[in-house]
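First up is the structure itself, then whatever we jot down about it.
Derivation of every value follows stated rules applied to the coordinates shown; laboratory data play no part. Because the structure is predicted, anything quoted here is derived from the model rather than measured. In this analysis, Cβ positions are derived from the backbone assuming ideal geometry, glycine residues included, and neighbour counts consider all displayed protein chains.
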């Protein structure tokens with residue numbers, strides 16, 4: 001499934017706008033995802049853009065935060081948070097075996 005297929009229709013325009021950002025900054029935002037059962041859950045997506053095998057890609061880590069969002073006093077994060085992407089301890093040579101490509105499918109890993 002594509003990223004827009006797992007979101008409610010009213011969230012797709014925001015998703016497409018988020019994909020227009022091609023900076024290398026880390027992004028963090030809470031989205032709604034639709035499970036196979038049709039249930040809507042809240043997820044925190046932490047992602048950043050990179051180049052993978054010469055092609056633009058976005059690497060993301062997704063956390064289910066449905067319970068945290070349901071707690072009284074918690075509000076849904078509506079705006080993305082930017083954090084400058086610095087080089088980690090493994091630097092830019094770290095291997096990323098699997099990632100979702102922004103356009104097309106990911107090349108097979110070696």
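Test of understanding: what is the full-extension gain from residue 40 to residue 22, defined as 0.36 nm times their sequence separation minus their Cα-Cα distance?
Here the segment from residue 40 to residue 22 would lengthen by 3.7 nm.
Kirkwood Rh over alpha-carbon pairs of region 10-62, then Stokes-Einstein at 25 °C and 0.890 mPa s: what D in µm² s⁻¹, rounded to an integer?
D, rounded to a whole number, is 199 µm²/s.
So if R0 is 22 Å, what FRET efficiency would residue 12 and residue 51 give, r being the distance between their Cβ atoms, rounded to the nearest 0.05?
Computed FRET efficiency for residue 12 and residue 51 comes out at 0.30.
For each of 33, 22, count neighbouring Cβ atoms within 10 Å of the residue's Cβ, then give the residues from fewest to most.
Starting with the residue having the fewest Cβ neighbours, the order is 22, 33.
Run the simple label-point estimate for residue 1 and residue 67 please: 7 Å along Cα→C-beta, distance reported in nm.
2.2
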